[in-house]
């Protein structure tokens, strides 16, 4: 009978419960329409001859294997699908953590649009991979090419299934599960070089070669650095190792060198930066995955992150105490009592922290060269793992030969221990003495620079992101930027100089429909075709009255050419452009109903996470247009309250403040008696000495030509 | 030995011996290594049948996982046209 608390269920009990459910569901499914049933049954390899509700006999095929006495139908299937679902969710979370954290290290925001905190982004990316074409290279070795993702994902999945998450929660109970996971880790290089070799592509092949060399250089320290842990804990089982750590303290304190070596070896095995030589983007397009596309490429990605999960979980289980947490009490008062957390929560918190550390490493270090990696693997890590095993031997020398106990300053210890430690310390001192000449430049300086890199990256973490939340906020350009034109109706004298000087022919004189110029002779106004404007500003320079200005509205985009055509009346602000009138029309519909529901809830959190305020960002989306309009109005030196009122009408507080600042700025510059300062400014600029202007070639040169 | 055990034994023998023959006869060194690894997996399966899980795992780790990868590396480092495929 399963216990009442689900946390206490073993996986077998869970499977048993699910099996009972599926058993009933399966029998009830006998009432399904015949066709559907037929498909289901034949796909399972059953005979469809004896089908009827409630009475099913299964004859041959896979069914024999799947169904034990008509009952155990779903146990392997449920276990496999649970494992798959669990691992997939984990992988999605890992990828999300990686993208988000890496983005924060780079002062970006990472995925943030779909779902809260962009959590659903990876789901849609997976969907995208699902519908993409699975290209097959023409001369590829097809069988090996297809086998590569299968081996990679299969081995990673089997390894993930052997990882225990708490004393009670485990997918599969395998004796010697540590060895099992090591074995499956050793399988992955096959997938890599098989894929690289089968693709018939030089990038893939070089990536596969590098991978084979790297895996070999990494695997040996990977295995040997575990040896110390196994020696000390005395078991190949994760459960026993964690139990040892619960009793004696975390293994990282007993085996600090081993922990560092193992972490480095895991990074090498996972082909993560700084050891991602097999898929170095800058040298080998995508390394050994170059020829893979669509969901098959997604499988490689998936397998990689599954192995990432297994690697992080191994570090946690072997060195960081697994699901156990130490607790401290003063008297009987628990000061630090994380042991009240469910073990599975502790385990996953640790695993994700280790992965976050991997991301930190990725953000900090450049990629190694192949020779550096091989040197590191064979010449540095391998001898150090041997030293580490010796250290482990010192630790357990008591257990091997318990001898006479003597009192030492550090506590009681057997004579063997004292002798062993003395020899060890002496050897260490001799080594330090022998290497002291080379210690400073070869060991300590690299360590120091490494630490500097590492901490420096952390300084970048949490900075203000550069990302602009485009639909919600615009880049704040200076108000003097020369982008979209503005036109003052009162100052334009219809001289058409702007149209004549325009090198791209994007200005045309058109009769204004809404203009209110008192003189009927001056009613044509320039209309702008912004689709080929290059914003040279010649039209503004040549305008004799300063009627034509350019403002900071730089967002000249649209879904049709018509949206890039700004009529004379739109330039004058009498009618609004479509994009101004209905900002949603030209923009992507980012806010879904879910977002509308979530943003009010998440805004405080987001404010905490990122310095930008979403509300402010949303309000500022009209700023650029508004400021442009303000400049237009001021360029016309209009104190016309009606026009300004029109503009200020639908302003956000922030926009209004921007316009007020602008007005203040213009007022302080009004020194002369004339009211229209913009006109003044234009003419001062025109009076400045300049080189030969456009169309002002001296006549003698023209003659000479 | 029951009939089922007998059959399984000979199945594993086949998995061990036939890929070994194919590996020896393979013209492409790369394919030879792959067949060799399958043969070594067959040996591991025999260990499992004999009831030694530890031997199975160490066989897979050391021979399939490490030694064959070393062969692959060697094959890839050889200055032969290993990518040349017979049409």
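The values are calculated or read from the model by the stated rules, or taken from the named source; none is laboratory data. Bear in mind the structure is a predicted one, so any value in this text is a computation, not a measurement. Don't worry about glycine lacking a Cβ; one is built from the backbone with ideal geometry, like all the others, and counts go over all protein chains shown.
For segment A:122-156, a residue qualifies if it is in a loop (DSSP other than H, G, I, E, B) and in contact with a helix residue (DSSP H, G or I) (Cβ under 9 Å, 6 or more places away or on another chain), and the qualifying residues are A:132, A:133, A:134, A:135, A:136, A:137, A:140, A:141.
Out of the residues in segment B:51-67 that are more than 8 Å from chain A (Cβ to nearest Cβ) and either touching a helix residue (DSSP H, G or I) at 6+ places or on another chain (Cβ under 6 Å) or at pLDDT below 80 (or both), which is surrounded by the most Cβ atoms within 10 Å (Cβ to Cβ)? Looking at the filtered set, the residue picked out is B:56.
If you go through segment A:180-213 and keep only what is surrounded by fewer than 24 Cβ atoms within 10 Å (Cβ to Cβ) and in a loop (DSSP other than H, G, I, E, B), you end up with A:200, A:201. Would you check if there is a residue in segment A:199-220 being over 23 Å from residue A:282 (Cβ atoms) and more than 8 Å from every other protein chain (Cβ to nearest Cβ)? The answer is no, given that none of the residues of segment A:199-220 is over 23 Å from residue A:282 (Cβ atoms) and more than 8 Å from every other protein chain (Cβ to nearest Cβ). For segment A:162-169, indicate whether the set of residues that are closer than 25 Å to residue A:325 by Cα, surrounded by fewer than 21 Cβ atoms within 10 Å (Cβ to Cβ) and within 9 Å of another protein chain (Cβ to nearest Cβ) is non-empty. Among the residues of segment A:162-169, not one is closer than 25 Å to residue A:325 by Cα, surrounded by fewer than 21 Cβ atoms within 10 Å (Cβ to Cβ) and within 9 Å of another protein chain (Cβ to nearest Cβ), which makes the answer no.
Out of curiosity, is residue A:466 under 47 Å from the mean Cα position of the chain (by Cα), surrounded by fewer than 17 Cβ atoms within 10 Å (Cβ to Cβ) and either at pLDDT 70 or above or in the same structural domain as residue A:568 (by TED's automatic domain parsing) (or both)? Yes, satisfied. No other residue among A:80, A:103 is at pLDDT 80 or above, away from chain B (no Cβ under 14 Å) and within 33 Å of the chain's Cα centre (by Cα) apart from A:103.
Scanning segment A:178-193 for residues that are facing another protein chain (nearest Cβ under 9 Å) and over 15 Å from residue A:271 (Cβ atoms) turns up A:179, A:180, A:182, A:183, A:184. For beta carbons closer than 8 Å, sequence separation of 6+ or different chains, a first residue in segment A:222-238 that is not assigned by TED's automatic domain parsing to the domain that holds residue A:311 and a second that is surrounded by 20 or more Cβ atoms within 10 Å (Cβ to Cβ) and in a helix (DSSP H, G or I), there are no qualifying pairs. Going through (1) away from every other protein chain (no Cβ under 14 Å); (2) modelled with pLDDT of 85 or more one by one, residue A:147 falls short only on (1). Restricting attention to segment A:481-511, the residues that are surrounded by fewer than 24 Cβ atoms within 10 Å (Cβ to Cβ) and in a loop (DSSP other than H, G, I, E, B) total 14.
For every residue, the table says whether it meets (1) under 33 Å from the mean Cα position of the chain (by Cα); (2) at pLDDT below 85; (3) surrounded by 13 or more Cβ atoms within 10 Å (Cβ to Cβ).
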position	(1), (2), (3)
A:339	yes, yes, yes
A:350	yes, no, yes
A:362	yes, no, yes
A:412	no, yes, no
A:431	no, yes, no
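Residue check: residue B:78 meets all listed conditions (1) at the interface with another protein chain (Cβ under 9 Å from one of its Cβ atoms); (2) modelled with pLDDT under 85 but one, namely (1). Just so you know, in segment B:39-50 the residues that are surrounded by fewer than 18 Cβ atoms within 10 Å (Cβ to Cβ) and either within 11 Å of another protein chain (Cβ to nearest Cβ) or free of Cβ contacts under 8 Å to residues at least 12 places away in the same chain (or both) include one that is farthest from the chain's Cα centre (by Cα), and it is B:50.
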